[in-house]
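All remarks here apply to the structure that follows.
The values are calculated or read from the model by the stated rules, or taken from the named source; none is laboratory data. Since the model is a prediction, treat every value here as computed from it, not as a measurement. For neighbour counting, all protein chains shown are included, and Cβ atoms are generated from backbone atoms with ideal geometry for every residue, glycine included.
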Amino acid sequence: MFIDIKGFSKLCRTYDSLEIVEQLDYLIAAFDDIIDKHFIEKIKTIGDAYMCVGGLPMKNNSHQVNIILAALEIQNFLWEFNKPRILNQQHTWDCRIGIHTGEVIAGVVGKKKFAYDIWGDAVNVAARMEQAGVVNSINISSSTYELVKDYFDCIPRGFVEAKNIGQVEMYFVTGLKPEYSIDSAGVFPNEKFLDILRKM
């Protein structure tokens with residue numbers, strides 16, 4: 001999963017840099033807490049971009065579902081964070097989220113500032129899912145869709161041009177199916193769905 005903050009460079013030019021860094025730190029810390037709940041591994045932040053992965057370093061069979069649950073919760077968190085800012089006519093923090101499922105290579109390389117990282121075509125496709133997405137939406141590839149379509153409501157986008165890749169079939173995730181959610185927005189799973197997760 002890749003998350004990118006909308007208009008971050010413009011925010012840096014427009015507002016006090018200390019204020020922007022403090023707010024970004026608050027948001028990234030919240031993202032960290034959310035993905036931890038869903039057994040997602042944070043890889044790194046690159047400026048205002050956030051990169052994380054499911055199914056690593058410990059393999060599990062529910063990572064494709066966990067990562068979408070995390071994405072929905074991050075969206076919901078930003079919506080709640082922005083509500084008072086909209087009322088006070090302050091700038092809002094909006095993002096694009098892109099998700100793809102595939103094989104990656106993982107490890108630690110180099111001699112200084114060791115960092116666990118991942119590489120491979122799947123990483124590049126996930127980045128393109130974010131870039132080809134729409135602000136405040138979760139954009140997923142067809143490979144992810146096939147794994148989660150029974151649990152989440154999705155809107156087909158057809159084939160969309162992805163930089164250096166070509167035409168890629170994409171979908172927007174709108175939320176959990178009503179029978180699996182405790183809220184009308186489809187963000188939080190009910191006990192029925194949690195039971196399915198536990199059996200994966």
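Could you list all residues from the range 76-103 that are touching a helix residue (DSSP H, G or I) at 6+ places or on another chain (Cβ under 8 Å), within 19 Å of Thr174 (Cβ to Cβ) and touching a residue at least 60 places away in the same chain (Cβ under 8 Å)?
Answer for the range 76-103, where residues must be touching a helix residue (DSSP H, G or I) at 6+ places or on another chain (Cβ under 8 Å), within 19 Å of Thr174 (Cβ to Cβ) and touching a residue at least 60 places away in the same chain (Cβ under 8 Å): Asp94, Cys95, Arg96, Ile97, Gly98, Ile99.
Which strands (runs of 3 or more DSSP E) sit wholly inside the range 92-163 and have at least 2 residues that are within 20 Å of Ile5 (Cβ to Cβ)?
Ranges flagged: 95-99, 138-141.
With Lys192, Lys111, Lys199, Lys177 as the choices, which residue is more than 17 Å from the chain's Cα centre (by Cα), over 30 Å from Gln23 (Cβ atoms) and surrounded by 15 or more Cβ atoms within 10 Å (Cβ to Cβ)?
None of the others qualify; the one that does is Lys177.
Does Gln89 satisfy the condition of being loosely packed, with under 11 Cβ neighbours inside 10 Å and out of contact with any Cys (no Cβ under 9 Å at 6 or more places or on another chain)?
Yes; evaluated as a whole, the condition is true for this residue.
Which of the residues that make up the range 52-75 are assigned to a strand (DSSP E or B) and free of Cβ contacts under 8 Å to residues at least 60 places away in the same chain?
Result: Cys52, Gly54.
How about the range 5-47: which of its residues are in contact with a Lys or Arg (Cβ under 8 Å, 6 or more places away or on another chain) and outside any helix (DSSP H, G or I)?
Matches in the range 5-47: Lys6 only.
A quick yes/no check of all residues on (1) modelled with pLDDT of 95 or more; (2) within 17 Å of the chain's Cα centre (by Cα); (3) closer than 22 Å to Ala30 by Cα:
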{"residue": "Arg85", "(1), (2), (3)": "no, no, yes"}
{"residue": "Gly107", "(1), (2), (3)": "no, no, no"}
{"residue": "Gly120", "(1), (2), (3)": "no, no, no"}
{"residue": "Asn124", "(1), (2), (3)": "no, yes, no"}
{"residue": "Asn136", "(1), (2), (3)": "no, yes, yes"}
{"residue": "Asn139", "(1), (2), (3)": "yes, yes, yes"}
{"residue": "Asp153", "(1), (2), (3)": "yes, yes, no"}
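Kindly list, by first and then second residue, each pair from a residue in the range 104-126 that is closer than 13 Å to Ile43 by Cα to a residue that is in a helix (DSSP H, G or I), limited to pairs with Cβ atoms under 7 Å and residues at least 6 apart or on different chains.
Val104/Ala122; Val104/Val123
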